[in-house]
Amino acid sequence: VATNAVRSHSSGDLALGLLVNPYVIAVSTAGAALAFALRGGISFAPLLVVAALLAGWSSAWSP
Amino acid sequence: MGSTGLNPAVSGARYGRWLGHLAVYVAAVALGAAATAFVLVVLETGVDRVGGGKVAWLAVAAPLVILAIARDLGAHAPVPYRNVQVPQVLRYLLSPTLLALAYGAQLGTGFLTRFTYSTHTAAILLLPLAIDNPGVVALTVAALALGKGVVVAASAGTISDQGPEGIDARLRWRPRGLRIMRAANAAVAALLLASCLTTGGVL
């Protein structure tokens with residue numbers, strides 16, 4: 001396995017940090033789930049997709 | 001977090017190559033999740049054929065989802081998966097492409113490693129209830145793979161080949177982040193389960 005170092009790009013750190021920011025993850029997914037629930041009753045299909053997205057995305061934060 | 005061992009340093013510091021590995025990883029997650037979904041759909045179909053129907057499947061799945069939600073909320077509840085992560089030793093044994101394939105397939109399959117949060121348990125166990133709509137099944141599998149891919153993408157620019165350590169700088173507020181993730185996952189998993197019990201759900 002190659003182990004060459006990659007220089008850290010501070011200009012992109014903020015944007016990349018947002019990808020794993022807990023508020024961004026929680027607000028965008030739980031917010032979407034709540035919006036689906038409030039809009040048309042608690043509908044199974046969109047919630048299933050949102051839950052799967054959150055399951056994958058939140059794996060950045062392993063307990 | 002073992003998947004962040006796929007950071008650019010592991011790919012030889014070439015971003016084009018790393019993006020290829022990222023694509024392999026996302027595809028492998030989707031394949032792993034699809035394999036699990038296939039097995040569960042076969043089981044659910046069996047339950048359906050013997051007269052159990054979707055209610056019987058839900059009777060088995062719901063308690064497991066509730067246990068996972070309870071665990072997210074801090075209870076020491078048993079959960080239906082192995083409490084291990086992907087083997088770190090693979091990072092030294094496999095080429096980056098094979099590593100992306102192995103980690104992706106293992107994490108996508110899910111039951112081979114711990115499901116990090118209750119949404120994973122809920123989405124996978126309740127997925128067979130959506131089999132009448134293959135598009136939803138495909139979207140669910142794709143969403144899981146995309147979500148896991150985002151986590152690996154966030155490791156871009158890290159300088160370590162040591163996996164999680166490389167991305168830790170972007171996870172500075174760990175205790176609060178974990179609390180937020182647990183709460184969000186428990187809420188969404190509970191909503192998903194509730195949707196099975198309402199008129200707008202699958203029953």
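Just so you know, all these numbers are worked out from the coordinates, no wet-lab data involved. This one's a predicted model, so the numbers in the text were calculated from it and none came from an experiment.
A straight chain from B:Leu94 to B:Ala35 at 0.36 nm per residue would run longer than the Cα-Cα distance by 19.0 nm.
3J(HN,Hα) along region B:55-70: 5, 5, 4, 5, 5, 7, 6, 4, x, 5, 5, 4, 4, 5, 5, 4 Hz, from the Karplus curve 6.51 cos²θ - 1.76 cosθ + 1.60 with θ = phi - 60°, whole Hz, x for Gly and Pro. For B:Ala77, the residues whose amide H sits under 5 Å from its own are B:Arg71, ignoring neighbours fewer than 5 places away on the same chain, with H placed 1.01 Å from N.
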